[in-house]
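Remarks on the structure that follows.
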Amino acid sequence: MAATAGAGKGRATRSRAEAEREVRLNVFQRIALFVRQVIAELRKVVTPTRSELLTYIAVVVVFVLIIMAYVGVLDFAIGKLVLWAFGS
């Protein structure tokens with residue numbers, strides 16, 4: 001079975017010799033490559049609709065309130081336990 005050069009799966013891992021033969025990019029070429037890759041990834045980003053955004057905000061706010069209540073109850077209970085154990 002022949003694997004294409006761009007295939008991710010099914011392609012053999014490069015040998016160390018092949019990797020060392022690869023041309024090293026200078027610092028400016030690496031920066032330019034990084035910027036191109038960032039732009040390519042940003043093009044894949046999908047902006048949520050207004051209703052999705054409001055749903056996400058509501059979920060986050062509710063989750064934060066639940067965690068705040070949980071931590072508050074734990075703080076109160078541990079405070080009472082410490083006062084009971086070590087006196088007031």
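The numbers here are math on the coordinates, done by the rules we state, and not lab data. Bear in mind that the values here come from a model prediction, so they are computed numbers and not experimental data. Heads up, the Cβs are rebuilt from the backbone with ideal geometry, glycines too, and the neighbour counts pull from every protein chain shown.
Here the Karplus curve 6.51 cos²θ - 1.76 cosθ + 1.60, taken at θ = phi - 60°, turns the phi angles of the stretch 45-53 into couplings of 5, 10, 6, x, 6, 4, 5, 5, 4 Hz, with x standing for Gly and Pro. From its DSSP helices (H runs of at least four residues, each -39,500 (n - 2.57)), the chain gives a residue-normalised ellipticity at 222 nm of -23500 deg cm²/dmol. Sorted ascending by nearby beta carbons within 10 Å, beginning with the fewest, Thr55, Thr49 become Thr49, Thr55. For the stretch 5-88, the list of GluC sites (Glu not before Pro) that fall in a loop by DSSP and count at most 12 other C-beta atoms within 10 angstrom reads Glu22.
For the stretch 15-88, the list of trypsin sites (Lys or Arg not before Pro) that fall in a loop by DSSP and count at most 13 other C-beta atoms within 10 angstrom reads Arg24, Lys44.
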